[in-house]
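So the structure is just underneath, and the comments pick up after that.
The values are calculated or read from the model by the stated rules, or taken from the named source; none is laboratory data. Since the structure is predicted, the reported quantities are computational estimates derived from the model, not experimental observations. Here the Cβ positions follow ideal geometry from the backbone for every residue, glycine too, while neighbour counts run over all protein chains shown.
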Amino acid sequence: MKYFILFGPPGAGKGTQASAMVEKYNLRHISTGELLRKEIAAGSELGLKAKALIDAGALVPDEIVEGMIESEFKSAKDVAGFLLDGFPRNTAQAEDLDAILAKSGEEVTAVVSLMIPDEMIKERIRHRAAIEGRADDASEETINNRIATYHGKTEPLIGYYKNAVKYHEVDGTGTIDDVREKIFSLMDRF
Ligand code: AP5
Ligand code: MG
């Protein structure tokens with residue numbers, strides 16, 4: 001099995017690019033953000049717990065997202081691998097992912113990192129807010145907190161995966177088509 005991580009700050013284009021990637025490479029898309037939003041929409045206990053943290057631009061507890069990831073791994077059939085979007089998001093999650101995969105003799109295949117500057121993050125999220133109506137896109141304060149959470153907790157993973165020689169950066173600032181072509185030429189190597 002292949003285990004790709006689609007990495008990047010909020011609004012970098014992870015969700016946008018994921019659909020083409022899963023289709024071309026026969027991968028199962030696992031977006032922890034989307035799974036959490038489904039729990040919120042369903043009004044589950046887990047969703048209630050996650051909502052306040054998401055609305056504040058903070059991370060939800062590691063054990064919640066890791067439980068989701070493990071159950072997605074177990075339920076997937078007839079795929080060549082997985083595309084993890086928005087997970088891992090801190091060093092503890094990255095270490096736990098390594099441990100989960102090691103149990104079945106597997107490892108992360110590659111990290112595809114979409115990079116855009118902070119100003120572009122804000123532009124793209126403002127644009128999406130008008131279209132999708134995501135609660136965590138609605139306030140400037142939440143957006144700023146998400147960016148701060150990214151720099152404080154998630155960005156250190158770049159070093160983690162560089163050390164593991166799995167980190168591959170793609171310039172995320174071009175058009176959607178340009179970025180997709182760059183991602184494909186990278187992924188063709190794995
Ligand atoms: P999550 O849903 O993962 O949100 P995120 O990481 O903030 O990323 P986004 O979904 O906002 O951006 P994206 O990169 O997918 O961009 P998109 O393709 O939509 O997480 C939400 C929350 O859940 C977190 O804040 C946290 O609280 C919690 N959570 C999730 N995972 C967690 C974890 N592992 N641990 C703990 N907590 C967790 O694009 C954005 C916009 O830009 C769109 O409108 C799109 O059309 C446009 N666009 C995309 N590409 C381009 C382009 N090339 N040119 C122009 N526009 C573009
Ligand atoms: Mg997304």
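Could you pull out the residue among GLU95, GLU70, GLU141, GLU66 that is modelled with pLDDT of 95 or more, within 14 Å of the chain's Cα centre (by Cα) and of a type outside the set (S, T, N, Q)? When all the criteria are applied, what remains is GLU66.
When GLY13, GLY33, GLY86, GLY67 are checked against the criterion of being touching a Gly at 6+ places or on another chain (Cβ under 6 Å) and free of Cβ contacts under 8 Å to residues at least 60 places away in the same chain, a single residue qualifies: GLY33.
Restricting attention to segment 66-78, does a residue exist that is within 14 Å of ligand 2 (Cβ to nearest atom) and of a type outside the set (Ser, Thr, Tyr)? No.
So which of ALA18, ALA41 is assigned to a helix (DSSP H, G or I) and in contact (Cβ under 8 Å) with a residue 24 or more places away in the chain? Every option except ALA18 fails the conditions. Screening segment 116-141 for residues that are β-branched (Val, Ile, Thr) and in contact (Cβ under 8 Å) with a residue 60 or more places away in the chain and picking the one that is nearest to LEU53 (Cα to Cα) gives ILE125.
Yes or no: segment 17-28 includes at least one residue that is hydroxyl-bearing (Ser, Thr, Tyr), within 10 Å of ligand 1 (Cβ to nearest atom) and over 11 Å from the mean Cα position of the chain (by Cα).
At the first step, the residues of segment 17-28 found to be hydroxyl-bearing (Ser, Thr, Tyr) are 19, 25.
Next, from what is left, pick out any that are within 10 Å of ligand 1 (Cβ to nearest atom): 19.
Those still in the list that are over 11 Å from the mean Cα position of the chain (by Cα) too: 19.
There is at least one residue in segment 17-28 that is hydroxyl-bearing (Ser, Thr, Tyr), within 10 Å of ligand 1 (Cβ to nearest atom) and over 11 Å from the mean Cα position of the chain (by Cα).
When segment 126-166 is filtered for residues that are of a type in the set (Lys, Arg), within 18 Å of GLY13 (Cα to Cα) and part of a helix (DSSP H, G or I), the ones remaining, listed by number, are ARG126, ARG128, ARG146.
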